[in-house]
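Structure first, then comments.
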Amino acid sequence: MSVEIDLTGKVALVTGASRGIGRAVAILLARAGAAVGVNYRADAAAARSAVRAIEKAGGKAVALRADVGDRRAVRAMFRALDRALGRRLDLLVNNAGVWRARPAPIGRMTDEDLEAHMRPNLLGTFLCVREAVRRMKRGGVIVNVTSTAGRRGEAYHSHYAASKEGMHGLTKSLAVELGPRGIRVLAVAPGWVRTDMTASSLRGGGERRIAGTIPLGRVGEPEDVAGAILFLASDLARHVTGTILDVNGGAVLLGG
């Protein structure tokens, strides 16, 4: 078995790929040879920047706008992917999601708070997987980007933790359901990662405090998660499915 990861000829779709973890994943998959659909919800300039970075390195990519929690938008996105890269798909990375730093105690949690997390994080994953499997004619790989919060819970962010734990249940269920079709379904569970989403929590002394709860002693980078996803997407992980890979510096072991 070759140890070189080569995705040449593969087609991938990465949701929430205009920034942070999603951008790092899209660029790394393209570097490995995949043609990549770069999904974004609102920041077209950032998505175009990711596409240009891929093209500059000799890869192929297309920006695809869609709110993953919107059924019609998801269907339209996949049709656009069909037109741009062909009606087949080898890899789906469900990365789009929401986390709000503001605490939401359950007794004061609003319907809007709940909807804001459940719709993109959990419903969006369902909607994208449903469309993806219709295009995975020769098998494929689905990787769901979840969270340490889904592994251990997170007080005052129960809506977020529940949405991510729901993705864990979906991952395990679909691994069994889709395995006979040659489709592997996996999840990676990042902890604290340096992105726009976590910037407010890392300011001031926040990063030092958080790093102190991580056995490896540092906040993760988007590329740390991207590397794990590339491995899971490759033939090096061809006998791995239904698993949740912690990519959090060991934080889940200490409740960090």
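The values are calculated or read from the model by the stated rules, or taken from the named source; none is laboratory data. Only a predicted model underlies this, so the values are computations on that prediction, with no experimental measurement involved. In this analysis, Cβ positions are derived from the backbone assuming ideal geometry, glycine residues included, and neighbour counts consider all displayed protein chains.
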Exercise. Would you call Val93 buried (at least 17 other Cβ atoms within 10 Å of the Cβ), over 11 Å from Glu131 (Cα atoms) and under 20 Å from the mean Cα position of the chain (by Cα)?
Worked result: yes
For this session: Given the conditions (1) farther than 15 Å from Thr148 by Cα; (2) free of Cβ contacts under 8 Å to residues at least 60 places away in the same chain, report the number of the one that Val247 does not fulfil.
Result: (1)
For this session: Please work out which residue is surrounded by the most Cβ atoms within 10 Å (Cβ to Cβ), limiting yourself to region 153-186 and to residues that are of a type in the set (Ser, Thr, Tyr) and in contact (Cβ under 8 Å) with a residue 60 or more places away in the chain.
Result: Ser163
Problem set entry | Where a residue in region 187-216 is farther than 17 Å from Ile21 by Cβ and among the aliphatic types (A, V, I, L, M) and its partner, wherever it lies, is exposed (fewer than 12 other Cβ atoms within 10 Å of the Cβ) and modelled with pLDDT of 85 or more, with Cβ under 6 Å and at least six apart | Ala211/Gly217
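Can you name the residue in region 15-46 that is touching a Leu at 6+ places or on another chain (Cβ under 7 Å) and hydrophobic (A, V, I, L, M, F, W, C) and is also surrounded by the fewest Cβ atoms within 10 Å (Cβ to Cβ) among such residues? Outline the logic, then answer.
The initial filter retains those residues of region 15-46 that are touching a Leu at 6+ places or on another chain (Cβ under 7 Å), namely 28-29, 32-39.
Then drop every residue that is not hydrophobic (A, V, I, L, M, F, W, C), which leaves 28-29, 32, 34-36, 38.
Values: Leu28: 23, Leu29: 28, Ala32: 19, Ala34: 28, Ala35: 23, Val36: 31, Val38: 30.
Out of the qualifying residues, it is Ala32.
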Exercise. If you check Gly217, Gly227, Gly212, which single one turns out to be on the phi > 0 side of the Ramachandran plot, out of contact with any Asp or Glu (no Cβ under 8 Å at 6 or more places or on another chain) and not aliphatic (A, V, I, L, M)?
Worked result: Gly217
Problem set entry | Residues of region 168-193 classified as within 17 Å of Asn248 (Cα to Cα) and assigned to a helix (DSSP H, G or I), total | 1
For this session: Mind checking which helices (runs of 4 or more DSSP H) fall wholly inside region 97-159 and carry at least 2 residues that are within 27 Å of Arg23 (Cβ to Cβ) and acidic (Asp, Glu)?
Result: 111-118
Problem set entry | So Ile229, is it part of a helix (DSSP H, G or I), over 17 Å from Ile21 (Cα atoms) and hydrophobic (A, V, I, L, M, F, W, C) | no
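Find the helices (runs of 4 or more DSSP H) located wholly in region 1-85 whose residues include 1 or more that are over 22 Å from Pro190 (Cβ atoms), and list them. Break it down stepwise before answering.
Values: elements: 20-31, 44-56, 71-85.
Filter on region 1-85 gives 44-56, 71-85.
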For this session: Within region 215-226, work out how many residues are in contact with a strand residue (DSSP E or B) (Cβ under 8 Å, 6 or more places away or on another chain) and either among the basic types (Lys, Arg) or outside any helix (DSSP H, G or I) (or both).
Result: 3
Problem set entry | From the options Ile106, Ile27, residue that is farther than 24 Å from Ser201 by Cβ and of a type in the set (A, V, I, L, M, F, W, C) | Ile27
Exercise. So which of Gly33, Gly37, Gly69, Gly59 ends up being more than 22 Å from Ser234 (Cα to Cα) and at pLDDT 95 or above?
Worked result: Gly69
Problem set entry | Residue that is at negative phi, at pLDDT 90 or above and touching a strand residue (DSSP E or B) at 6+ places or on another chain (Cβ under 9 Å), where the choices are Arg135, Arg130, Arg151, Arg119 | Arg135
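Are any of the residues in region 205-221 among the β-branched types (Val, Ile, Thr), modelled with pLDDT of 95 or more and surrounded by 14 or more Cβ atoms within 10 Å (Cβ to Cβ)?
no
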Exercise. For Ala116, are the conditions met, namely being more than 18 Å from Gly191 (Cβ to Cβ) and over 14 Å from the mean Cα position of the chain (by Cα)?
Worked result: yes
